[in-house]
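Q: Pasting in a structure now, in structure tokens, and then I'll have a few things to ask.
The values are calculated or read from the model by the stated rules, or taken from the named source; none is laboratory data. Computed from a predicted model, the values in this text were never measured in an experiment. All Cβ positions, even for glycine, are placed from backbone atoms using ideal geometry, and neighbour counts span all protein chains on display.
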Amino acid sequence: CPAQLQVKAADGTVIACKSACLAFGDSKYCCTPPNNTPETCPPTEYSQFFEQQCPQAYSYAYDDKNSTFTCSGGPDYVITFCP
């Protein structure tokens, strides 16, 4: 987790990672107006970091090309979180 996104416990250990949107509240990270289209909200250094760690994970608002999957027939999902 990039240092700017880390959530630390009282002892200084990293216990979670914020989204860039939550950490910075900027429309370029949140993909909110005026950056609310695929053309105006490209991947950021933070979403690319997570994309490199888990290529099939949805890492930002318009990461549809390689991270959106559909199932035919009745759904039978298994959700696996990346390490």
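Q: Inspect segment 36-45 for any residue being at pLDDT 90 or above, within 14 Å of the chain's Cα centre (by Cα), surrounded by 13 or more Cβ atoms within 10 Å (Cβ to Cβ) and assigned to a strand (DSSP E or B) and give the result as yes or no.
A: The answer is no; no qualifying residue exists.
Q: Might you check whether a residue that is surrounded by 13 or more Cβ atoms within 10 Å (Cβ to Cβ) and in contact (Cβ under 8 Å) with a residue 40 or more places away in the chain occurs anywhere in segment 21-34?
A: no
Q: Is there any pair linking a residue in segment 61-82 that is modelled with pLDDT under 70 to one that is assigned to a loop (DSSP other than H, G, I, E, B) and not aromatic (F, W, Y), with Cβ under 8 Å and at least six apart or on different chains, and which?
A: What qualifies is N66/P55; N66/Q56; S67/Q56; S67/A57; S67/S59.
Q: Restricting to segment 7-43, name every residue that is over 20 Å from C82 (Cα atoms) and among the β-branched types (V, I, T).
A: Listed by number, the residues that qualify are T32, T37, T40.
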